[in-house]
Amino acid sequence: MPRSRGEDEASDKALAYSKFYGGKVGVSPKVPVRSLQDFSVWYTPGVAAVSKAIQANADMSFEYTGRWNTIAVISDGSRVLGLGDIGPEGALPVMEGKALIYNYLGGVNAYPLPVRAKDEAGLISVVRALEPSLGGVNLEDIESPKCFEVLDTLRAELTIPIWHDDQQGTAGVVLAGLFNSLELTGRKLRGSRIVLFGAGAANVAAARLLVEAGADPGDLVVLDSKGILYPEREDIDQLSLRNKWKYDLALTTNGRDISGGAKEALEGADVLIASAGVGPGLIKKEEVAGMNDRAVVFLLANPVPEMLPGDALAAGAEIVATGRSDFPNQVNNSLLFPAIFRGALDVRAKTITDATVIAAAKELAAFAKRKGLTPKRILPTMTDWEVYPTVAATVGESAIREGQARKKASREDLLRTATAVIGVARKTMDALRKGGIIPEPPGQG
């Protein structure tokens with residue numbers, strides 16, 4: 001699929017604007033400085049009283065500092081979407097973009113921190129060391145299976161939310177879109193035959209979340225680059241050593257013991273969730289044609305999906321979603337991660353459980369349903385601003401219910417807080433633009 005004129009234009013602007021602005025995010029004061037005497041409050045000698053209070057109770061750092069609303073977006077640059085292993089410096093513009101979305105859509109102070117750590121131990125060590133300064137961590141663009149070990153270890157050890165958006169974020173939005181797609185096509189999650197094409201971070205997490213949400217693991221079929229996962233596959237012993245997460249899927253899914261490739265997996269399937277690699281042509285029309293009537297097809301690779309959406313529709317799919325904004329039904333992580341962290345931070349959560357992600361996915365799906373579902377609109381878009389505080393409140397409620405919140409509040413208070421914090425972020429952007437502090441891009445002033 002050749003690059004479109006719009007993609008070329010966006011790339012040219014990205015280069016010019018990035019040089020002009022010198023970065024997408026920065027640090028600005030939250031407190032007034034009216035004279036030098038104010039520094040005696042914000043710094044020495046007054047700050048000593050704050051430090052002593054936190055020394056006596058470390059959790060007070062969430063009340064007396066900006067820790068309550070601060071996260072780091074951490075990557076080693078080993079698997080940047082659509083670009084591969086480009087290293088931490090190459091990943092920095094992407095992490096800056098993520099931080100910008102966190103701030104504008106979720107009111108979260110997010111710092112882009114790509115790090116030079118090429119193995120699991122190095123990444124884990126970095127995040128451990130940063131924990132006292134942060135309310136949470138977004139792991140980003142880390143190759144598989146390294147990303148699984150890092151996430152699982154840090155979630156078990158630390159007492160702040162550790163989130164891998166390529167796993168939990170993608171899986172959560174996929175689940176939300178699937179809830180509504182199944183409703184439109186007259187299905188339930190339990191009993192639907194679901195094929196996951198690709199066994200990387202996104203689909204491994206999606207499989208886990210689908211089962212947690214009620215899918216029968218025997219009705220899931222997972223494919224990697226060598227074909228369908230099943231217990232008798234010839235490389236199963238190697239999988240048990242190299243990738244225990246994929247190995248577990250081979251043992252617990254595919255209740256019919258199907259072997260082969262996409263054609264065999266998709267025969268009689270209801271749903272296809274593809275997150276395998278840049279297409280088109282990874283999935284063929286004749287393979288989708290073998291699915292059941294009113295099939296649901298998610299093609300999530302960026303920038304080019306595994307097959308063209310038009311081909312999937314022509315092959316008989318009723319609902320087709322992609323990761324792109326220029327096709328209907330964009331499955332976009334940005335619908336979820338700003339709200340997930342807004343809600344988690346507002347209750348000073350210690351972790352984000354799978355149950356909380358499922359609750360957020362259900363709220364995201366319900367919001368779209370209230371707006372009106374069609375085969376071309378199964379999810380909200382990023383312009384549906386009110387979805388973010390709504391999902392944030394649901395996340396806060398879930399964290400409280402799960403016993404993971406340091407701070408308790410009613411849903412009404414959570415909704416009010418999230419709306420206010422996100423509102424401040426948007427108003428700040430407007431004020432900075434109107435004041436000329438953030439100038440318009442070159443040639444558009």
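Whole angstrom only: what separates the Cα centroid of the stretch 139-202 from the Cα centroid of the stretch 5-55?
With the stretch 139-202 and the stretch 5-55 each reduced to a Cα centre, they are spaced 32 Å.
Starting from the Cα of A314, step 7 Å toward the Cβ, then list every residue of the stretch 243-279 with an amide N under 16 Å from that point.
Output list for this probe position: empty.
What angle do you read, to the nearest 10 degrees and between 0 and 90, between the alpha-carbon axis of helix 201-213 and the longest principal axis of the chain?
Orientation of helix 201-213: about 80 degrees from the principal axis.
May I ask you to evaluate 6.51 cos²θ - 1.76 cosθ + 1.60, the Karplus curve with θ = phi - 60°, for each residue of the stretch 401-418 and list the ³J(HN,Hα) values in order in whole Hz, giving x for glycine and proline?
Result, rounded to whole Hz: 4, 7, x, 10, 9, 7, 10, 9, 6, 7, 4, 4, 5, 5, 5, 5, 5, 4.
For the pair V41/S325, report the inter-label distance in nm, with labels modelled 7 Å from Cα in the Cβ direction.
With each label point 7 Å from Cα toward Cβ, the separation is 4.1 nm.
Net charge around P112, counting only other residues with Cβ within less than 15 Å of its Cβ (Lys, Arg = +1; Asp, Glu = -1)?
-3
Would you mind classifying the stretch 338-445 by shape? Square roots of the alpha carbon gyration tensor eigenvalues, ordered a ≥ b ≥ c; an a/c under 1.5 is rounded, otherwise it is prolate if a/b is larger than b/c and oblate if not.
The shape class here is oblate.
Within straight cross-link reach of K52, meaning Cα distance under 30 Å, which lysines are found once same-chain residues fewer than 8 apart are removed?
Within the straight-line limit of under 30 Å, K52 reaches these lysines: K30, K350, K407, K408.
Name the chymotrypsin sites (Phe, Trp or Tyr not before Pro) in the stretch 33-78 that are in a loop by DSSP and that have at most 10 other C-beta atoms within 10 Å, would you?
On the way: sites: F39, W42, Y43, F62, Y64, W68; in loops: Y43.
Taking the stretch 33-78 and a limit of 10 other Cβ atoms within 10 Å, the loop chymotrypsin sites (Phe, Trp or Tyr not before Pro) found are Y43.
Taking springs between alpha-carbon atoms closer than 10 angstrom, which of A315, A399, A72 fluctuates most in the Gaussian network model of the chain?
Sorting by GNM fluctuation, first place goes to A315.
Got a sec to turn the phi values of the stretch 423-437 into Karplus ³J(HN,Hα) couplings, 6.51 cos²θ - 1.76 cosθ + 1.60 with θ = phi - 60°, whole Hz, x for Gly and Pro?
Residue by residue, the stretch 423-437 yields x, 4, 4, 5, 5, 4, 4, 4, 5, 5, 5, 5, x, x, 5 Hz.
Any chance you could give the angle, 0 to 90 degrees and rounded to 10, that helix 146-157 forms with the longest Cα principal axis of the chain?
For 146-157 against the chain, the angle is about 50 degrees.
By how many degrees, between 0 and 90 and to the nearest 10, does the Cα long axis of helix 354-371 differ from the longest principal axis of the chain?
Helix 354-371 and the main axis of the chain meet at about 80 degrees.
If the chain were replaced by its equivalent ellipsoid, with semi-axes equal to the square roots of 5 times the Cα gyration tensor eigenvalues, what would those be, largest first, whole Å? Present the calculation step by step, with values, prior to reporting the outcome.
Details: eigenvalues 294, 120, 94 Å².
Over the Cα atoms of the chain, the semi-axes work out to 38, 24, 22 Å.
Which pairs, out of K244/K284; K98/K434; K19/K98, put more than 26 Å between their alpha-carbon atoms? If you can, show how the numbers build up before the last one.
Working: K244/K284 30 Å; K98/K434 24 Å; K19/K98 18 Å.
Cα-Cα > 26 Å for K244/K284; rest within.
Using the Cβ atoms and a cut-off under 9 Å, what net charge is assigned to the surroundings of A91, where Lys and Arg are +1 and Asp and Glu are -1?
-4
Work through the residues other than G186 whose Cβ is under 11 Å from its Cβ and net out their charges, Lys, Arg +1 and Asp, Glu -1.
Counting the neighbours of G186, the net charge comes to -1.
Throughout, read-outs are computed from the coordinates displayed, never taken from laboratory work. Bear in mind the structure is a predicted one, so any value in this text is a computation, not a measurement. Because the Cβ atoms are built from the backbone with ideal geometry, glycine has one as well, and the counts that use them run over all protein chains shown.
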